[in-house]
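S.K.: This is the structure I want to talk about, given as structure tokens.
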Amino acid sequence: MHTIRHTPGRTIHLYGNALTEHKTHSINDEHLHDLLLEATKTAIEGAYGFGVDVPVGAATSENGRILAADYAKDNLIGDERAHAEYMALQKTHELHHNASPDTIGVTLEPCFNCQKYISDNPSIQLVTFVLPIAQASLRNIVRKKNGDIFQKSEQGELPFTVVQFEDAQLAKIGGLLLDFTKRDLETKETTVDLLGLHRALPAEFRL
Ligand SMILES: [Zn+2]
């Protein structure tokens with residue numbers, strides 16, 4: 001079972017469960033777990049492959065089928081839009097020309113720019129993530145922001161439902177990815193301590 005936190009006042013349907021009244025629910029949701037596991041593995045690939053961006057991964061799905069996953073590469077390709085959500089949606093449309101992804105899962109709460117970008121993809125109904133972005137600002141990887149995605153959602157500014165998916169293992173891996181990342185907030189220069197990360201990751205997540 002997993003605990004999820006979602007936007008109150010909306011009805012969301014997760015595998016036959018209509019969730020409306022409460023902000024938190026316990027739910028056994030294999031698909032969201034698999035989607036976020038894919039996003040997490042992709043974040044690890046980015047860290048091992050290049051290690052020049054904050055290791056964030058995102059994966060998309062349609063009707064419970066995973067379509068594509070990619071990781072943040074804004075420093076790698078020199079395009080500040082190229083966060084994980086942007087890359088995963090781009091890849092989705094490259095790989096599947098007629099796809100209408102309904103869900104995107106991200107290892108870290110989407111930033112404001114990505115919230116806007118996801119909003120421009122009208123097929124997306126659900127955005128789910130593991131770690132709140134405050135976990136990155138606590139580690140001085142991103143600047144502290146006022147308000148979070150739930151506030152935006154409650155203010156009616158987002159056209160999708162937001163779900164924070166609580167899973168102890170995914171949260172642990174996500175935390176490790178941030179723990180071994182250093183980022184200069186002025187220059188955006190980022191380095192991942194790959195040796196430290198490799199030692200800290202559970203064996204099944206090492207590459
Ligand atoms: Zn972003």
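S.K.: Of everything in segment 65-104 that's among the charged types (D, E, K, R), away from the ligand (no atom under 11 Å from the Cβ) and buried (at least 16 other Cβ atoms within 10 Å of the Cβ), which residue is nearest to the chain's Cα centre (by Cα)?
M.R.: Applying the filter and picking the extreme gives 70.
S.K.: Of everything in segment 116-149, what is part of a helix (DSSP H, G or I) and more than 15 Å from the ligand (Cβ to nearest atom)? Give them in sequence order.
M.R.: Scanning segment 116-149 gives a single hit, 138.
S.K.: Among the residues of segment 111-127, which ones are in contact with a Ser or Thr (Cβ under 7 Å, 6 or more places away or on another chain) and not hydrophobic (A, V, I, L, M, F, W, C)?
M.R.: Within segment 111-127, 123, 125 qualify.
S.K.: Can you list the strands (runs of 3 or more DSSP E) lying wholly within segment 14-99 that have 2 or more residues being more than 17 Å from residue 123 (Cα to Cα) and modelled with pLDDT of 95 or more?
M.R.: Result: 65-71.
S.K.: Within segment 106-121, which residues are among the polar types (S, T, N, Q) and over 10 Å from the mean Cα position of the chain (by Cα)?
M.R.: Answer for segment 106-121, where residues must be among the polar types (S, T, N, Q) and over 10 Å from the mean Cα position of the chain (by Cα): 113, 115, 119, 121.
S.K.: Suppose we filter segment 92-113 for residues that are in contact with a strand residue (DSSP E or B) (Cβ under 8 Å, 6 or more places away or on another chain) and within 20 Å of residue 152 (Cβ to Cβ); how many remain?
M.R.: The qualifying residues number 9.
S.K.: Does segment 134-157 hold any residues that are crowded, with 20+ Cβ neighbours inside 10 Å and closer than 18 Å to residue 119 by Cα, and which are they?
M.R.: Within segment 134-157, 149, 153 meet the criteria.
S.K.: Run residue 108 past the list (1) touching a Leu at 6+ places or on another chain (Cβ under 8 Å); (2) more than 14 Å from residue 36 (Cα to Cα); (3) not small (Gly, Ala, Ser) and report the number of the one that doesn't hold.
M.R.: (2)
S.K.: Looking only at segment 124-178, how many residues end up being among the acidic types (Asp, Glu) and in contact with a helix residue (DSSP H, G or I) (Cβ under 9 Å, 6 or more places away or on another chain)?
M.R.: Selection size over segment 124-178: 3.
S.K.: Under 6 Å between Cβ atoms, which residue pairs at least 6 apart in sequence (or on different chains) link something in segment 105-132 that is among the charged types (D, E, K, R) with a partner that is within 12 Å of the ligand (Cβ to nearest atom)?
M.R.: If the second residue must be within 12 Å of the ligand (Cβ to nearest atom), the pairs left are 109/129; 109/133; 109/149.
S.K.: Further question: So the check is Cβ under 6 Å with 6+ separation or different chains; which pairs have a first residue in segment 31-44 that's closer than 13 Å to residue 4 by Cβ and a second one that's part of a helix (DSSP H, G or I)?
M.R.: 36/170
The values are calculated or read from the model by the stated rules, or taken from the named source; none is laboratory data. Just so it is clear, the model here is predicted, and its values are computed rather than measured. Please note: Cβ atoms are built from the backbone with ideal geometry, for glycine as well, and neighbour counts cover all protein chains shown.
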